[in-house]
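Let me begin by presenting the structure, written as structure tokens, before commenting on it.
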Amino acid sequence: MPRIQAASVAENRDLRRMALVSAAGDLHRIGGDAAVTMSAAAVAAGISRPAAYEYFHSSAELLGELVDRQAERWTSMVALAMTEAGDVADIVRVFVRTSLRAVAEDAPRKGLTGEQISRLHQGPARELSYALASAGVVEPTLAARLVTGAVVAIARTHDQDEDCVPSVTEFLLTGLAGLSAAQSPP
């Protein structure tokens, strides 16, 4: 039986699980979704392949855990960035810039299920909705969904380079102004 490297068996399991997820993240950054296999993650984490299957039943499940961790990270990045935003234009600009940076750094893009994609965007959209509501936007949840959807579309079709932030922000602000006008009483 292998020796544990932590104070308890439970802590050792947590460490090994985290090592597999970290290895999956490294593999993903280097080779994309296809590089995240159970064998490769086990080797990179320094554990046997059979042991890796004790933590995750498949590479899809491992990728799902990676998505969850990245969703938490993206949400934290957005929440922190929103503290610096002032008006609606600032909020949208900060959200677009922060989100494109998060996606460019490490978000898996291919092979995700609809549920995984939804989980990836749920937290950041919620933080955006809170910020938009605080700024007085009429339909903050709908506005957040529209902005998040645009960011996702940009991330899928373009390099996530910050040169597009001003034009994307202007486009989104025009859309939000139209949404507010449509919601206002005549």
Determine which member of the set 51, 41, 34 is assigned to a helix (DSSP H, G or I) and modelled with pLDDT of 95 or more.
-> 41
Are any of the residues in the range 61-74 modelled with pLDDT of 90 or more and of a type in the set (Gly, Ala, Ser)?
-> no
Sole exception among (1) outside any helix (DSSP H, G or I); (2) farther than 23 Å from residue 103 by Cβ for residue 17, by number = (1)
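Can you name every residue in the range 41-55 that is surrounded by fewer than 21 Cβ atoms within 10 Å (Cβ to Cβ) and of a type in the set (Gly, Ala, Ser)?
44, 46, 48, 51
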Among the residues listed as 90, 159, the single one being modelled with pLDDT under 85 and either surrounded by 13 or more Cβ atoms within 10 Å (Cβ to Cβ) or among the acidic types (Asp, Glu) (or both) | 159
Being modelled with pLDDT under 75 and surrounded by 13 or more Cβ atoms within 10 Å (Cβ to Cβ), is that true of even one residue in the range 129-143?
-> no
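The values are calculated or read from the model by the stated rules, or taken from the named source; none is laboratory data. Just so it is clear, the structure is predicted and the values come from calculations on it, not from any experiment. Positions of Cβ are backbone-derived with ideal geometry, glycine not excepted, and every protein chain shown enters the neighbour counts.
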